[in-house]
Amino acid sequence: MTETTLRHGVGTSARRPDAALKVSGEFAYASDLWLDGMVWGATLRSPHPSAWIRSIDVGPALRIPGVLTVLTHEDVPGEKFYGLDHRDQPVLAIDEVRYQGEPVAVVAADHPETARRAAEAIVVAYEPREAVTDPRQSRRFVRHQPVRRGDTFEAEVVVTGEYEVGMQDQAFLGPESGLAVPAEDGGVDLYIATQWLHVDRDQLAPCLGLPSDKVRLTLSGVGGAFGAREDLSMQAHACMLALRLNRPVKIVYGREESFFGHVHRHPARMRYEHGATRDGRLVYVKADILLDGGAYCSSSPAVVGNAASLGVGPYEVENVRVDATGVYTNNPPCGAMRGFGAVQACFAYESQMDRLAEACGLSPVEIRVRNAVSQGSHLITGQVIDSPAPLAGMLRELEAMPLPGPLPEPLPGPLPDGVPEGLLSRPGGVSQTTHGESVRRGVGYGVGIKNICFSEGFDDYSTARVRAELVGGEPHVTVHTAAAEVGQGLVTVQAQIARTELGIANVTVATADTSVGSAGSSSASRQSYVTGGAVRAACLAVRERFEGLPPEKALEAFGPIEETREFRHRPTYPMDPLTGQGDSHTQLALCVHRAVVDVDVELGLVKVVELAAVQDVGTILNPQALEGQIHGGSAQGLGLALMEEIQVRDGRVLNPSFTDYLIPTILDMPPMQLKILENPDPAAPYGLRGAGEPPTLSSTPAIAAAVRAATGLRLTRVPIRPEDIALFENGEVSDDKRT
């Protein structure tokens with residue numbers, strides 16, 4: 001093994017092959033796709049959250065010069081419905097629309113502006129009807145999953161609370177985009193930004209009336225995903241237009257259309273009751289979790305399963321009565337988003353642990369340590385934690401981390417010209433809304449537990465093809481999988497594994513496509529586990545054929561060597577539909593956060609001063625990429641805690657833009673202290689533990705707890721808005737905000 005191989009193998013911060021291109025702006029995203037002779041597609045969407053469609057007149061659109069075709073549901077060549085879990089979503093609306101933004105017709109034209117004008121010219125006669133927008137009033141259920149354990153529901157100390165999580169958007173920077181190219185064999189080649197090539201294909205082919213081998217997908221540059229690209233968006237529409245016209249068709253959503261074109265995080269309403277002994281030992285937990293799935297199923301059943309099985313968090317408790325329910329409404333469809341299901345429950349159960357700590361006279365850390373799971377503990381589903389879970393130690397390490405410096409002194413006024421030193425560190429920053437007179441500091445803690453990989457009996461696997469050969473007299477390896485690189489660094493990890501296992505420095509990771517077996521979805525923090533496992537298995541098979549010779553000698557003697565392998569994690573099982581019991585998860589990951597915030601209690605402004613995190617990752621494959629995942633997950637948790645929410649009123653989205661939908665910027669993200677632990681999971685490749693999602697869980701409740709500590713307010717909803725925390729009315733704390 002050469003020095004170069006060692007320097008860029010597993011355990012090193014190997015450089016991303018796309019890093020320089022992305023920093024310089026030269027990286028080709030799906031929205032940059034171009035082909036001679038291509039035309040542009042656009043989508044007409046419903047303005048109503050619920051309505052009957054009485055007629056569609058495409059004539060006005062067809063009369064516009066440059067318009068080539070207009071398609072409605074009548075032009076769908078195959079099955080008219082698709083879906084991840086349940087095929088309930090129409091390719092184009094048939095006789096009704098169930099949410100604002102539902103696709104009704106698609107247009108192709110010789111220019112994108114012409115296509116958009118043509119879509120607007122289509123005349124649709126709608127008969128609006130009353131929309132169901134309150135999930136508590138819905139009578140259409142996606143899934144109800146109870147968890148039942150024990151029969152003791154009385155305790156010395158009881159705390160109850162009702163909590164709410166708003167609708168969060170994945171807010172990726174690269175909008176939905178793709179290019180469909182008709183093929184000579186009557187099929188279609190689709191170049192697409194997605195998270196799951198094979199499931200896209202398996203949904204598309206029936207709708208296009210084609211066998212799956214005639215629908216070929218190739219991954220294009222993905223500008224972020226976070227779950228929103230698991231579902232189809234423009235894929236079927238572009239392919240239909242391309243096949244109708246026998247010309248390449250490109251569709252790129254604008255930012256506003258992107259908000260309507262993908263699923264979001266499920267809003268949640270939750271009621272919890274925790275019972276404990278006077279010294280803070282949990283006796284029982286009751287929870288009622290209601291998730292708004294919106295108009296169509298998407299991945300809501302899995303979200304409900306996660307919320308139910310992880311609904312009490314990483315705490316030992318013998319008596320549990322949890323009910324998690326997902327319902328249909330006429331709100332925007334909701335599906336996968338980083339940490340799905342577990343994020344919503346985590347905010348509620350961690351808020352409850354803080355209330356319990358106060359009721360028992362304990363610190364937030366102590367209450368969690370006394371109830372923390374460890375190796376050999378069982379979840380509320382009865383599943384035994386059979387790999388290291390050092391939660392109590394993680395909490396003690398977090399508590400011991402040094403706190404940031406003291407609260408800044410108020411600035412003297414009047415302010416000098418320009419930006420005074422220190423202003424950036426105060427709530428409101430350079431907007432100069434405060435000099436620090438009404439700023440209070442708070443510290444809060446959060447703990448999260450997340451399942452890794454797909455659960456509940458899903459056949460979760462990945463396929464890898466590895467080829468070793470001599471190129472220019474030097475050994476070279478090509479790794480080919482269908483795993484989607486969505487920014488998480490998977491391409492880098494695949495190359496690191498190949499270098500480590502084969503001792504060959506020169507590795508190319510081929511573009512992901514459907515010509516190789518499925519790698520599943522780039523979600524559930526699963527790709528390093530399953531695709532990493534598949535690449536390792538294929539490399540080991542290649543190395544075995546070296547027959548003990550060095551790579552150069554083996555390849556000289558035997559010629560190119562190629563092996564394909566599948567990797568599956570250990571089996572999981574569905575939760576019992578009545579009791580919720582069962583080994584539903586293959587791996588679990590823990591992260592704990594401490595947040596320090598400064599709050600201007602008069603203006604309701606929050607500055608997150610610092611985040612500290614301790615996370616167990618099993619084994620570190622790429623230190624720098626791992627740190628980036630923890631920072632990124634924490635940023636999305638901060639957004640959910642303080643600013644990110646799709647505002648939906650009566651089924652209508654009010655803020656479909658990055659002007660009005662706020663996400664954290666570099667000025668909002670604080671410095672972070674990280675402590676990364678390595679307690680290998682014996683069942684996982686290299687002992688690794690998926691790491692991308694857990695920080696998103698624990699950061700939100702930690703920040704909310706810190707704001708509560710600074711203000712003394714209840715704060716049972718995220719995101720926390722300025723009006724929720726402005727304490728004073730006529731110089732006094734308002735009665736309705738007192739704790």
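Rounded, prolate or oblate for segment 342-493? Axes are the square roots of the Cα gyration tensor eigenvalues, ordered a ≥ b ≥ c, and the cut-off for rounded is a/c under 1.5.
oblate
Going toward the positive end of the dipole of segment 236-332, with +1 on Lys and Arg Cβ and -1 on Asp and Glu Cβ, which of V252, H266, L282 do you reach last?
V252
Would you work out which of W34, H73, V215 lies farthest towards the positive end of the dipole of the chain, given +1 charges on the beta-carbon of Lys and Arg and -1 on that of Asp and Glu, about the Cα centre?
Of W34, H73, V215, it is V215.
For the chain, what is the number of Lys pairs with C-alpha distance below 26 angstrom, counting only pairs 8 or more positions apart or on separate chains?
Lysine pairs satisfying the spacing and distance rule in the chain number 9.
Using the Cα centre as the reference, give the magnitude of the dipole from point charges on the C-beta atoms of segment 5-59 (Lys, Arg: +1; Asp, Glu: -1; all else neutral), rounded to the nearest 20 debye.
Here the size comes out at about 340 debye.
Loop-only GluC sites (Glu not before Pro) in segment 455-505, please: DSSP not H, G, I, E or B, and at most 10 other Cβ atoms within 10 Å.
Taking segment 455-505 and a limit of 10 other Cβ atoms within 10 Å, no loop GluC sites (Glu not before Pro) are found.
Looking at the chain only, what percent of DSSP beta bridges run antiparallel? Nearest 5 please.
Of all bridge pairs located within the chain, approximately 80 percent are antiparallel.
Which one of W196, L92, A641 is farthest out on the positive end of the charge dipole of the chain, using unit charges on Cβ (Lys, Arg +1; Asp, Glu -1) and the Cα centre as origin?
Final value for the positive-end residue is W196.
Using the Kirkwood formula on the Cα atoms of segment 590-739, what hydrodynamic radius do you get, in angstrom to one decimal?
16.8 Å is the Kirkwood radius here.
Treating only the Cβ atoms of Lys and Arg (+1) and Asp and Glu (-1) as charged, compute the dipole magnitude of the chain about its Cα centre; round to the nearest 20 debye. Write out the running numbers ahead of the final one.
Values: 66 positive and 92 negative charges, 99 e Å.
Taking the Cα centre of the chain as origin, the dipole is about 480 debye.
Which value, in Å², gives the accessible area per residue of segment 158-200 when a 1.4 Å probe is used on the protein heavy atoms?
27
Measure out, as a whole number of angstrom, how far apart the alpha-carbon centroids of segment 80-97 and segment 273-329 sit.
That distance is 29 Å.
What dipole magnitude, in Debye to the nearest 20, does segment 451-574 give about its Cα centre under +1 on Lys/Arg Cβ and -1 on Asp/Glu Cβ?
With only Lys, Arg, Asp and Glu charged at Cβ, the dipole is about 240 debye.
According to the square roots a ≥ b ≥ c of the eigenvalues of the Cα gyration tensor, what is the shape class of segment 120-255, taking rounded for a/c under 1.5, prolate for a/b larger than b/c otherwise, and oblate for the remainder?
Numbers: a/c = 2.46, a/b = 2.01, b/c = 1.22.
Since a/c reaches 1.5 and a/b is larger than b/c, the shape of segment 120-255 is classed as prolate.
Given a 1.4 Å probe, how much area per residue of segment 354-412 is accessible, in Å²?
Averaged over the residues of segment 354-412, the accessible area is 44 Å².
Please report the carbon-and-sulfur percent of the accessible area for the chain; probe 1.4 Å, protein heavy atoms only, DNA, RNA and ligands left out.
C and S fraction of accessible area: 50 percent.
Given a cut-off of 18 Å, what percent of all Cα-Cα pairs of segment 601-686 lie beyond it?
58
Taking loop as defined by DSSP and a crowding limit of 16 other beta carbons within 10 Å, which GluC sites (Glu not before Pro) in segment 158-261 fit? If you can, show how the numbers build up before the last one.
On the way: sites: E162, E164, E176, E184, E230, E256, E257; in loops: E176, E184, E230.
Qualifying residues, ordered by number: E184.
The values are calculated or read from the model by the stated rules, or taken from the named source; none is laboratory data. Since this is a predicted model, take the numbers as computed values, not measurements. With ideal geometry, Cβ positions are generated from the backbone for all residues, glycine too; neighbour counts draw on all protein chains shown. Calculation scope for accessible area: heavy atoms of the full protein, side chains included, ligands and nucleic acids excluded. Shrake-Rupley method; radii C 1.70, N 1.55, O 1.52, S 1.80 Å.
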